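Take a look at the structure set out below.
Bear in mind these aren't lab numbers, they're just calculated from the coordinates by the rules spelled out. Computed from a predicted structure; not experimentally measured. Virtual Cβ from ideal backbone geometry, glycine too; neighbours counted across all protein chains shown.
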Amino acid sequence: MKSKVEEKFSDFFEKWVSQLEELLQQLVQVSKNNNNNNNETVGDQSELQALVAKVTSHVKAYYTAKWAAAHEDVLAFFSPVWLSPLENAYQWVTGWKPSTVFRLVESLRKSSTTTTLRGLSEEQVKKVEELRVKIRLEEEKVEREMERLQVAMADRRMLELARMTGRGGGGGGGGGEEEAVQQQQQGWMEGMVEAALKGMFVGLERVMKAADCVRLKTLKGVLEELSPLQGVEFLAATCMLQLQLRRLGNKRRSSIITTTTTTTTTTTNINNNIWTEQ
């Protein structure tokens, strides 16, 4: 059963993805038109820049909604129900891994298809590589913080709390005064556990935002090194990759559900036949 945050964000995400598909169509169309014209005019440049800004605003809107929802329930973003298992398999701290962007740029540079990214200048390649090194260091910083949070689960204080709550409320039957003391101790232990969990959730929210900031910094940094048309083609490729992964994930999930339903029905029919024959 979904929580209120999961239900609300699932609805938001479906609408956001639908809008992303519309933006992808615009990116592909504009890219195709400009590649056919060969020469970019001042008007073309303005149109391209406006479209890049429109897409980046859409991406920022996702993170604004995400951070607001995560403040209420951060755990929902570490096992998102609005994503398929395939999409979840490629998650890095609640989202896409920034390093994949540089692999994508490199793939586009070496692509056999017509794309302006094949014509990146030496200076552009150098700047993108410098950014890649910086981003990798920031990824490692996020990963160290995530590891610290995970290891903290086994620290002495958490272990003591686990032992205390595991012992429960004691043997009971010692009279009203003893029961009152036990209830007081139980309330104190529950308060301590709640405080410890709250601290963990704050830590998870902090590391999630840090990872998102690296993602946004990567996107912004790469776009700054590209021309407007290259930026459009780069964004088209990133959107296409995300949407294709979603389609494949949803297709596989539907296939598994159908197979499971068919298997269950067949098994039920076999069992019914066996009982009928007996």
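Think of segment 205-249 as having a plus end and a minus end, set by charges on the Cβ of Lys, Arg, Asp and Glu; of Thr238, Leu248, Leu226, Leu248 sits farthest toward the positive end of this dipole. Given R0 = 30 Å, the distance between the Cβ atoms of Glu177 and Met153 translates into a calculated FRET efficiency of 0.25. Our estimate of slack between Gln49 and Arg109, defined as 0.36 nm per intervening residue step minus the Cα-Cα distance, is 19.5 nm. Between the beta carbons of Met240 and Leu75, assuming R0 = 25 Å, the FRET efficiency works out to 0.25 to the nearest 0.05. Protection proxy ranking for 126-135, 224-233, using the average of other Cβ atoms within 10 Å per residue and placing the highest first: 224-233, 126-135.
Can you tell me what the convex hull of the Cα atoms of segment 68-118 projects to on average, as an area in nm²? The orientation-averaged projected area of the Cα hull of segment 68-118 comes to 5.1 nm².
Note on segment 1-93: lysine pairs with Cα distance below 27 Å, sequence gap of 8 or more or different chains, count 16.
Stretched out straight at 0.36 nm per residue, the stretch from Val202 to Gln29 would grow longer than its current Cα-Cα span by 58.0 nm.
Run through every distinct alpha carbon pair of segment 193-251 and return the Kirkwood hydrodynamic radius in angstroms, one decimal place.
Hydrodynamic radius (Kirkwood, Cα only) of segment 193-251 equals 14.2 Å.
Between Ala61, Ser18, Leu51, the Cα set farthest toward the positive side of the dipole of segment 1-79 (charges on each charged residue's Cβ, about the Cα centre) is that of Ala61. Under a model in which nothing but the beta-carbon of Lys, Arg (+1) and Asp, Glu (-1) is charged, segment 94-149 shows a dipole of about 180 debye around its Cα centre. Dipole orientation for segment 65-143: of the candidates Phe77, Val101, Leu120, Leu120 has the Cα lying most toward the positive pole (charges on Cβ; Lys, Arg +1; Asp, Glu -1).
Full extension of the chain segment joining His58 with Ser3 gains 17.3 nm, where the gain is 0.36 nm per residue of separation less the Cα-Cα distance. Calculated FRET efficiency, Ala68 to Cys213, Cβ-Cβ distance, R0 = 25 Å: about 0.95 to the nearest 0.05.
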